[in-house]
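Working notes, beginning with the structure itself.
The values are calculated or read from the model by the stated rules, or taken from the named source; none is laboratory data. Just so it is clear, the model here is predicted, and its values are computed rather than measured. No Cβ is skipped: glycine too gets one built from the backbone with ideal geometry, and neighbour counts run over all protein chains shown. Ligands, DNA and RNA are excluded from the accessible area calculation, which covers all protein heavy atoms including side chains. Shrake-Rupley method; radii C 1.70, N 1.55, O 1.52, S 1.80 Å.
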Amino acid sequence: MKEGILLAGNMITDVVKIIGKYPEKMSLTPIFDIEYSIGGAVCNCGIDLARIAPDLPITVISAVGKDSFGHSIMEQMGKFRNINLEHVMYKGRTSFTDVMTEKHTGSRTFFTYKGADSLLVPDDFDFSALPGDLFHIGYIMLLNGMDELDSEYGTAMARVLHDAQQHGKRTSLDIVTEEGDRYKTLVPPSLKYTDYCCLNESEAQSVTDIPLRNDEGTLIKENFALACKALKSMGVSTWAVIHSPEYSGGIDENDEYCFYESIPLPDGYVKGSVGAGDAFVSGILYAAYMEKALQEAIWLGSAIAVISLSQPGATEAVTDMDTIVKAYKEMEKQIISS
C-alpha cells in the first residue's frame, strides 16, 4: 500500500509587501499593503498537495522556532487532516522572507533569513521511521545544513537523497534561484541520487551552462530539450523538467521529450507570483506519485501554477484537482476560441 509523499526542507513565513516599484539604491517607494503567509518548499507544496488531493497522505520533516512565526506555520499546516507534522523539529528561530511585490507587474524580490530549517542535518533523517513513497526536498542553497560539503557524497543533501533511495523511496529535489557560482558545487552531487528534478529556466541554465534566455530576455525554447538531457546525464533517473512562465518541457523515463506552451493570461489576472514555481512542482509531484505520464504532469503543473497566480499569496487560490482541471480547461478553451 502506498504511504504518500514525504516533504522536507524550508518552512518559512512570507511577509508579502505590495509596493509601487522596486526602488533604486537609497530611493523610496510606497508600501500599499502587507500580507503574511507561510511559505517555502514544504509549506507551499504541502498545502498545494493537501488541497488538490485531500486523501493523499503527506508527511513533513523540517524545523521551526518556538516563536510567533513558527506557531503560525504549525497552526496553518495543522488545519489539513492529511498533513502529518509529527516529524517537525524545534530549532532556533523560524526562517522568514520579505517578498517585495510590484503592484502592477507582480514582479517580486526576496530578502530571506535562514533560520531553523537551515539547521537540518543528515542525522535528522531516519528513513526507516519516515513514511512516504516519494521524497521531495527543497531548496538547495537555502538549507545551510544540507549544503555542507560531504567527503563521500559531495554534499549533505546528496547523502540524504542517497539514503532515501536506499530505503526504497523515489526522490525529488528543488533548488532556489540565486546569483553566483554555487550551483556547480552544490547541485550536481545531489542529481546523482535524484529521480525527479524540476527547475525553472534560470536555475537550469546555471546548472547546465546551456542558455535558455538570450540577452534580451527572450526564451530559447529549442535549448530546453538539450538542458533536460544534460540534467539526466548528471544522474537524474526518471524525469528532468524545466519550467518557465512561457513554456515548460521535460524528458521522461524513456528519454522522450515533451513540452507545453503556456496560454496567455487576461490583463489583470495575475495578482502575485509568489509560490507559482512550487505550485508547478506540486503538479509534477502529484503526477509522479500517481504514476501519470510526464506530458500530463507538465500540463497539471502548468494548470496549478496559473490558478495560483490569481491570488497574491502562495497557496490561497489552489483548490481540489477536479476544480483546477475544469477551470484551466475552460481558460484554454476561451483562448483557442478568441
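General observations
- Note on Ile220/Arg182: beta-carbon distance plugged into 1/(1 + (r/R0)^6) with R0 of 22 Å gives a FRET efficiency of 0.40.
- Restricting the range 238-338 to GluC sites (Glu not before Pro) in coil, as DSSP defines it, with at most 13 other Cβ within 10 Å: Glu246, Glu253, Glu256, Glu291
- Sulfur and carbon atoms: percent of accessible area, the chain [1.4 Å]: 51 percent
- Where trypsin sites (Lys or Arg not before Pro) fall in DSSP loop in the range 26-97, at most 11 other Cβ within 10 Å: Lys79, Arg81
- The chymotrypsin sites (Phe, Trp or Tyr not before Pro) found in the range 262-338 that occupy coil by DSSP, while having at most 13 further C-beta atoms within 10 Å, are Tyr269.
- Theoretical FRET efficiency, 1/(1+(r/R0)^6), r = Cβ-Cβ of Asp33 and Ile335, R0 35 Å, to 0.05: 0.70
- Relative contact order [Cα under 8 Å, 6+ residues apart], the chain, whole percent: 15 percent
- Ratio Rg/Rh, restricted to the chain and using Cα atoms, in which Rh is the Kirkwood radius: 0.94
- Residue-span extension gain [Met26 to Ala129] - 0.36 nm each, minus C-alpha spacing: 31.9 nm
- Shape index of the range 210-272: Rg/Rh, with Rg the Cα radius of gyration and Rh the Kirkwood radius from the inverse mean 1/r over Cα pairs, equals 1.06.
- Computed over the range 193-251: relative contact order in percent, which uses C-alpha pairs under 8 Å that are six or more apart: 41 percent
- Calculated P(r) of the range 266-338 - Cα pairs past 14 Å, %: 59 percent
- Alpha-carbon gyration tensor eigenvalues x 5, square-rooted, for the range 75-218, Å: 27, 22, 15
- With the convex hull of the Cα atoms taken as the outline of the range 1-139, the averaged projected area works out to 9.7 nm².
- Listed residues Ala279, Ala63, Ala230, most fluctuating in the chain (Gaussian network, C-alpha, under 10 Å): Ala230
- Whole-angstrom gap from the range 108-152 to the range 317-338, using each part's C-alpha centre: 34 Å
- Exceeding the 18 Å Cα-Cα cut-off - candidates Lys271/Lys329; Lys103/Lys271; Lys79/Lys329; Lys79/Lys169: Lys271/Lys329; Lys79/Lys329; Lys79/Lys169
- Protein heavy-atom accessible surface, 1.4 Å probe, per residue over the chain: 45 Å².
- Taking 31 Å as the limit for the C-alpha separation, the pairs Lys17/Lys333; Lys17/Lys114; Lys66/Lys292 exceed it in the case of Lys17/Lys333; Lys66/Lys292.
- In summary, the aspartates and glutamates within cross-link reach of Lys91, defined as a Cα separation below 20 angstrom excluding same-chain residues under 8 places away, comprise Asp14, Asp67, Glu75, Asp117, Asp123, Asp124, Asp126, Asp147, Glu148.
- Helical content alone sets the calculated 222 nm signal of the chain at -9500 deg cm²/dmol, taking -39,500 (n - 2.57) per DSSP H segment of four or more residues and averaging over every residue.
- Between Tyr113 and Arg213, the contour length at 0.36 nm per residue exceeds the alpha carbon distance by 33.1 nm.
- In plain terms, the chain from Asp267 to Asn254 could stretch by 0.8 nm, reckoned as 0.36 nm per residue minus the Cα-Cα distance.
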